[in-house]
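The values are calculated or read from the model by the stated rules, or taken from the named source; none is laboratory data. Being a predicted model, the structure only gives us computed values, none of them experimental. The area values use the complete protein model at the heavy-atom level, side chains included, leaving out ligands, DNA and RNA. Shrake-Rupley method; radii C 1.70, N 1.55, O 1.52, S 1.80 Å.
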Amino acid sequence: MLTQRSRYALRAMLFLTQQQAATGPVPMNRIAAEANVPRKFLELILADLREAQFLVSTRGKMGGYRLARAPHLISLGEIIRVIEGPLALVPCVSRTAYRPCNDCKDEASCAIRHAMARVRDETARILDGTSLADAVAEELAAA
């Protein structure tokens, strides 16, 4: 399951995607209100996303946040990995944080590992194949 922190990050990034055409950066208070994210969590989330170079921040009275790249160049999978880490449900199938399972006798024949590798692959395919622009377009089409 996605953590609440990831859902907050996705909501904030989707809101900023919708605001992309607006002039200037979007203040944190507005992001918090419009994306329905508590400000104390949002501040930490936006800092992580800025550090990962998904956002650019501007200080001052007219400051705020904006996307660092075009929305079609940022995938949901990338955002989730920044916030949560690997998409894999078990460490033995992670491509970025592999660790052997302590209770597994033989990785090569482990049915759980094989099933979880398929789950990881399909999850990554869908999330990495869905950009912020795609998600906003789907949201508008559903409305």
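Solvent exposure of the chain amounts to 62 Å² per residue of accessible area, where only protein heavy atoms count and the probe is 1.4 Å. Separation of the range 118-139 and the range 27-74, taken as the distance between their Cα centroids, equals 21 angstrom.
Relative intensity of the range 1-65 on a log10 scale, I(q)/I(0) at q = 0.21 Å⁻¹, equals -0.81, per a Debye sum over C-alpha point scatterers of equal strength in the absence of solvent. When the solvent-accessible area of the chain is split by element, carbon and sulfur atoms take up 54 percent of it, the probe being 1.4 Å. Distances longer than 27 Å among the Cα atoms of the chain: what percent of all pairs is that? Summing the P(r) tail past 27 Å for the chain gives 30 percent. A Gaussian network model of the chain, with springs between Cα atoms under 10 Å, assigns the largest mean-square fluctuation among 59, 120, 11 to 59.
For the range 65-142, the fraction of C-alpha pairs more than 18 angstrom apart is 50%. Put simply, the C-alpha atoms of the range 39-81 give a gyration tensor, and the ellipsoid matching it has half-axes of 19, 14, 7 Å, longest first. Between 133, 117, 108, the residue with the greatest mean-square fluctuation in the GNM of the chain (Cα pairs under 10 Å linked by springs) is 108.
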